[in-house]
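*Asks:* Here it is, the structure, as structure tokens.
The values are calculated or read from the model by the stated rules, or taken from the named source; none is laboratory data. The model shown is predicted, which means the values in this text are computed figures rather than measured ones. Neighbour counts are summed over all protein chains in view; Cβ atoms, including those assigned to glycine, are modelled from backbone coordinates with ideal geometry. With ligands, DNA and RNA removed, areas are computed over all heavy atoms of the protein, side chains included. Shrake-Rupley method; radii C 1.70, N 1.55, O 1.52, S 1.80 Å.
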Amino acid sequence: VESTRRLEALQAEYVALKDQQRDNASASKLMNITLQDIEQALHRAVTQMGGAFDQTQQWDGPHDDRSLDVASAELREEQTFLDQEDARLEETRTKVDVNALQTFLQYEKSASDLRQHAVTKTNDADKLDHEVMELENTRYGMFCSAITKVNAELAKVYRRLSPNGAGDCNLTYTENQNALFQEGVNFNVRPERAWKSFRVLSGGQKALAALSLSLALQECYPSPIYLFDEIDASLDTAAVSRAAQFLREVSTGGSGRR
């Protein structure tokens, strides 16, 4: 209200001075006040009043003393809350271990080294597993080849030692590579008509089959010397005669290696 009154007063003064200047120019010069000076003063006043008016229009806060008190109380409450939060933050800061980050980085590096070490060991284990598998495959292949070779000679020798060249025998094994060296080899013999396991043969039949296997191994994988103890103990006279004839032939190169 005071600003409005002042503006109106200035406007009235401006009009009066303008009339006075037109009527009495000399008086205006004596007062050393020009119309331009008054206009500039009036313009500054209008500008100031306009800025104050704009700030008044933009203010959305309380306009009376009671509202100001409420706002002041709210500000004090907010300030109290901020102070409490600062105190709680400071208390928390005192509980923080300043070396925790460094410790964490050290443990993280140790964990990274252990992971790398584990990867290296895993790769080494995989490499060893691969090498073991290759060795097992090689061993299995050599074993199967040897059994096949021995079986070919075993049947021939057994027929030479059997009556009338009859009968047969062979070695069998499981094709499961993992179980092969646990279950071993089965020695099957057909002395007459039916196949039988070596375990259920009679003493003479076992002696004849074992002698046949020994001589078949000699044919495939020769050894410089063999020692037999009473191999004829369980054989009848005819079987002993056939065995002696066979050994005589092979020892002189008649039908095999010496």
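*Asks:* Answer yes if at least one residue in region 151-165 is part of a helix (DSSP H, G or I), open to solvent by 60 Å² or more (accessible area, probe 1.4 Å) and in contact with a strand residue (DSSP E or B) (Cβ under 9 Å, 6 or more places away or on another chain), and no otherwise.
*Replies:* For region 151-165, residues part of a helix (DSSP H, G or I), open to solvent by 60 Å² or more (accessible area, probe 1.4 Å) and in contact with a strand residue (DSSP E or B) (Cβ under 9 Å, 6 or more places away or on another chain): present.
*Asks:* Also, quick follow-up: Assess whether GLN245 counts as being in contact (Cβ under 8 Å) with a residue 12 or more places away in the chain and part of a helix (DSSP H, G or I).
*Replies:* The answer is no for GLN245.
*Asks:* Something else now. Which one of the conditions (1) open to solvent by 50 Å² or more (accessible area, probe 1.4 Å); (2) over 29 Å from MET142 (Cβ atoms) does VAL240 fail to meet, given that it meets all the rest?
*Replies:* Evaluating VAL240 over (1) open to solvent by 50 Å² or more (accessible area, probe 1.4 Å); (2) over 29 Å from MET142 (Cβ atoms) leaves (1) as the failure.
*Asks:* For GLU136, only one of the following conditions fails: (1) at pLDDT 90 or above; (2) in a helix (DSSP H, G or I). What is its number?
*Replies:* (1)
*Asks:* Okay, next question. Find the residue count for region 158-187, including only residues that are touching a residue at least 12 places away in the same chain (Cβ under 8 Å) and in contact with a Gly (Cβ under 9 Å, 6 or more places away or on another chain).
*Replies:* 3
*Asks:* Hey, can you tell me all the residues within region 85-116 that are within 29 Å of the chain's Cα centre (by Cα), open to solvent by less than 100 Å² (accessible area, probe 1.4 Å) and modelled with pLDDT of 80 or more?
*Replies:* Correct list: THR103, LEU105, GLU108, SER110, ALA111, SER112, ASP113.
*Asks:* Does GLY141 satisfy the criteria of being open to solvent by less than 60 Å² (accessible area, probe 1.4 Å) and farther than 25 Å from SER241 by Cα?
*Replies:* In short, yes.
*Asks:* Separate question: Could you please find all residues in region 175-209 being in a strand (DSSP E or B), among the polar types (S, T, N, Q) and either open to solvent by less than 50 Å² (accessible area, probe 1.4 Å) or touching a Pro at 6+ places or on another chain (Cβ under 7 Å) (or both)?
*Replies:* Matches in region 175-209: ASN188, SER197.
*Asks:* Could you please give the count of residues in region 218-237 that are among the hydroxyl-bearing types (Ser, Thr, Tyr) and either part of a helix (DSSP H, G or I) or open to solvent by less than 70 Å² (accessible area, probe 1.4 Å) (or both)?
*Replies:* 3
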